[in-house]
1. Trp304 passes all but one of (1) open to solvent by 50 Å² or more (accessible area, probe 1.4 Å); (2) of a type outside the set (Lys, Arg); (3) more than 16 Å from the ligand (Cβ to nearest atom); which number fails?
2. If a residue must be assigned to a helix (DSSP H, G or I), under 24 Å from Tyr229 (Cα atoms) and within 16 Å of the ligand (Cβ to nearest atom), how many such residues does region 179-219 contain?
3. Being touching a residue at least 60 places away in the same chain (Cβ under 8 Å), in contact with a Pro (Cβ under 8 Å, 6 or more places away or on another chain) and open to solvent by 20 Å² or more (accessible area, probe 1.4 Å) is true for just one of Gly583, Gly570, Gly525. Which residue is that?
4. Would you pick out the residues in region 689-723 that are within 30 Å of Gly583 (Cβ to Cβ) and in contact with a Cys (Cβ under 9 Å, 6 or more places away or on another chain)?
5. If we only count strands (runs of 3 or more DSSP E) wholly inside region 653-741, which ones have 1 or more residues that are open to solvent by 10 Å² or more (accessible area, probe 1.4 Å) and under 20 Å from Ser753 (Cα atoms)?
6. Taking the criterion of being of a type in the set (A, V, I, L, M), out of contact with any Ser or Thr (no Cβ under 8 Å at 6 or more places or on another chain) and buried (at least 24 other Cβ atoms within 10 Å of the Cβ), would at least one residue in region 197-217 satisfy it?
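The values are calculated or read from the model by the stated rules, or taken from the named source; none is laboratory data. Bear in mind the structure is a predicted one, so any value in this text is a computation, not a measurement. Glycine also receives a Cβ, built like all others from the backbone with ideal geometry; neighbour counts cover every protein chain displayed. Just so you know, the surface numbers come from the protein's heavy atoms only, side chains and all, with ligands and any DNA or RNA stripped out. Shrake-Rupley method; radii C 1.70, N 1.55, O 1.52, S 1.80 Å.
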Amino acid sequence: MKTKVSIALVITLTLITQAVKGQTSSYSKDQKINFKVDSLLKLMTVKEKIGQMNQYNGFWNVTGPSPKNGNAKKKYNHLKNGLVGSMLNVKGVKNVKAVQKIAVEETRLGIPLIIGFDVIHGYQTLAPIPLAEAASWDLDAIKNSASTAAAEAAAAGINWTFAPMVDISRDPRWGRVMEGAGEDPFLGSKIAEARVGGFQGDDLSAPNTIAACAKHFAAYGFSEAGKEYNTVDVGTSTLHNIVLPPFKAASDSGVKTMMNAFNELNGVPATGNTYLLRDILKGKWGFKGFVVSDWASIKEMVTWGYAKSNKDAARLAAIAGSDLDMESYAYVSELELLIKEGAVKERTIDEAVRRILTVKYELGLFDDPYRYCDSKREKKVINSKASHAAVLDMAKKSIVLLKNETQLLPLKKEGQTIALIGGLAADNNSPLGSWRLASKDSTAVSVLEGMKRYKGNTLVFEKGADVNTTETEFTREVKVNTTDKSGFPAAIAAAKKADVVVMVLGEHGFQSGEGRSRTELSLPGVQQELLEAVFKVNKNIVLVLNNGRPLTINWASENIPTIVEAWQLGSQTGNAVAEVLYGDYNPSGKLPITFPRNVGQIPIYYNHKNTGRPVNEQANVPDFVFWSHYGDVENTPLYPFGYGLSYTTFNYNAIKVSKKTYQLKEDVKVSCVLKNTGKLKGKEVAQLYIRDLTASVTRPVRELKGFKSVTLDPGASQTITFTLTENELGFYNNEGNYVVEPGMFEVFIGGSSQATLKSTFELVSK
Ligand code: BGC
């Protein structure tokens, strides 16, 4: 595509190219980029450098431009004057081109913008919410889902996503638990790598890849009591062993950017946290990309009571290592003076700008600022058949079968009357979740539509009740229906006549996500009553759950014979659910997060510590209470981490550790035999957990350290072998250093974190 490029940019690039040719013919690609960045930095004024550290939200009719208010006008002037380095929420080739044109053709140096966007689980074609994707434990599928999202976003002019969110969370009250990979740092790290690899591909300058952003650095998932934007108080050991590993994995796999978190950590906001950003991220880990603040998180340091003013906040954030200011206006308005006063060194901003420019070079934006702006590609790629095929594949793999006691599933394909009940069953909107900035509302395939494609049965739909009252859905705030039961009689009548009742119940897509924390995790509104009313007339119920977080479904778990966890599965929801219910896809998902029995158990997670009083060792003493437990609920969860069934059954046997003792750096090999003992072909995610029995810092009762997907025909068996290296056998001590210590280990293999097949080995130092 031919587009006019500014004379400024041409001169800038020519100068740099000549310099590069003359002096760098033997340089590697990275060295050339470094050289170009340094050359460009030398041409920049302090103001222009600060401009690169400023990011604005899309703000006016870009094709105009016609500023609607003073702020928009200010932003527009800043853009024209080279005081904006990045924009977010500008989407579509036409709009991106319009802002890019201003940056490239109207500013003195013509430095292109980097265009960011929240491509969280897809751009326009939506994959399942990230928590659901994590339930697949399928790293190839997750990577493929991210590259599908990247291809669509890149075709719409975007070159940077604010994903993946790699925050570990143990608190399903937190609304953003839907956006992460669940509670486990090992699984979370593998998924972080897969997602970064999927977004960024092998060549960042290719037109179908975009820069990724691991967020929110760090510990946002530990917001106290699951309340959004709350303070965080995590101990050193939890910080190093649970919170940081997925960020390190993202950094090690070359993620180009990281985002600050809204929270504070030990009284210091993450955005101004030198320990996190300078000591750990840019120091110890050698992270080469740049750090973007979260939305207005620089100026929020004033509200936190950490910075005295916006100026102080700008100083603290820049010194701490936050490179790009998202919507605080703090850098653009304060940094110049701070530099003049000597409060911030020019070399501090040089470092930040160097990082930002490097990513722009790597994206190929200097070679062609419009390389992501091809309207033909936009039409072809977005919402394409290929995208839909990829998200359907991901959606099927994300479903978890929680219970199938009476083998109601898979459904018979002929001769049945099936009553489909629940407002969510016919909902095209809720399955898209709350992160859908580029999607059109109500475009998901509903479960009703998916099931209608199976024509052999009689399908009767009755909504029974909606989750939400429709008027408020438009505002993106779900007002739960707690009163309207007018649909109950028709639903009960339909259930009476049916062979099988499929009930789709749970949360609306807008009940989880940012700003959507909850304290009650039972089925919202009148849905529990509906479930019980239907159960009275027909016990053959398949409960299909829709939710962005674990729910407390004790009654259902005790009474309903069949439960399918179907989350919010994105654009292809109905087709995925129908294929699983009818057995065209045998479910293989495993929970990436623990389901509690009640909210009071939270935080409940599998990799907890043993405590000094783990069990009632005095069980034979009546009324002995002095052990670690509650008086009103048992210690176990409703469904544990790693749990999920199949339409077939699997047996684990013959665990073998190759030796009884190993030297500290030796690899440990553990194997077992997995057999498909059922009647159908199926896929099982075999999981390996270790327990380090005694260490200088107490270790969890179990830690996931390996998993493998194995597909087996009925009756077939396979030996599966795991290798534990020093990377799996150590932990971070309270100085934040990784150590492997000698001692006894237990090792478990099985289909969930409650695996019972066990062996032991010892690590010894010579
Ligand atoms: C969120 C980020 C997001 C940013 C830009 C913030 O409110 O915390 O995760 O990327 O907005 O939309």
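1. (3)
2. The first filter runs over region 179-219 and keeps only residues assigned to a helix (DSSP H, G or I), leaving 179, 185-200.
Keeping just the survivors that are under 24 Å from Tyr229 (Cα atoms) gives 179, 185, 188-189, 192.
Applying the additional criterion that residues be within 16 Å of the ligand (Cβ to nearest atom) yields 179, 192.
Count: 2.
3. Working: Gly570 fails: open to solvent by 20 Å² or more (accessible area, probe 1.4 Å); Gly525 fails: in contact with a Pro (Cβ under 8 Å, 6 or more places away or on another chain).
Exactly one of Gly583, Gly570, Gly525 is touching a residue at least 60 places away in the same chain (Cβ under 8 Å), in contact with a Pro (Cβ under 8 Å, 6 or more places away or on another chain) and open to solvent by 20 Å² or more (accessible area, probe 1.4 Å), namely Gly583.
4. Once the filter is applied, which keeps residues that are within 30 Å of Gly583 (Cβ to Cβ) and in contact with a Cys (Cβ under 9 Å, 6 or more places away or on another chain), region 689-723 yields Thr719, Ile720.
5. Working: elements: 661-663, 668-676, 682-692, 703-712, 717-724.
Where strands (runs of 3 or more DSSP E) fall fully within region 653-741 and carry at least 1 residues being open to solvent by 10 Å² or more (accessible area, probe 1.4 Å) and under 20 Å from Ser753 (Cα atoms), they are 668-676, 682-692, 703-712, 717-724.
6. The answer is no; no qualifying residue exists.
This table checks each residue for (1) among the aliphatic types (A, V, I, L, M); (2) free of Cβ contacts under 8 Å to residues at least 40 places away in the same chain; (3) at positive phi.
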position: Phe626; (1), (2), (3): no, yes, no
position: Ser646; (1), (2), (3): no, no, no
position: Thr649; (1), (2), (3): no, yes, no
position: Leu680; (1), (2), (3): yes, no, no
position: Lys705; (1), (2), (3): no, no, no
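For every residue, the table says whether it meets (1) within 16 Å of the ligand (Cβ to nearest atom); (2) in contact with a helix residue (DSSP H, G or I) (Cβ under 6 Å, 6 or more places away or on another chain); (3) touching a residue at least 40 places away in the same chain (Cβ under 8 Å).
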| residue | (1), (2), (3) |
| --- | --- |
| Gly92 | no, no, yes |
| Lys97 | no, no, yes |
| Ala135 | no, yes, yes |
| Trp160 | yes, no, yes |
| Arg173 | no, yes, yes |
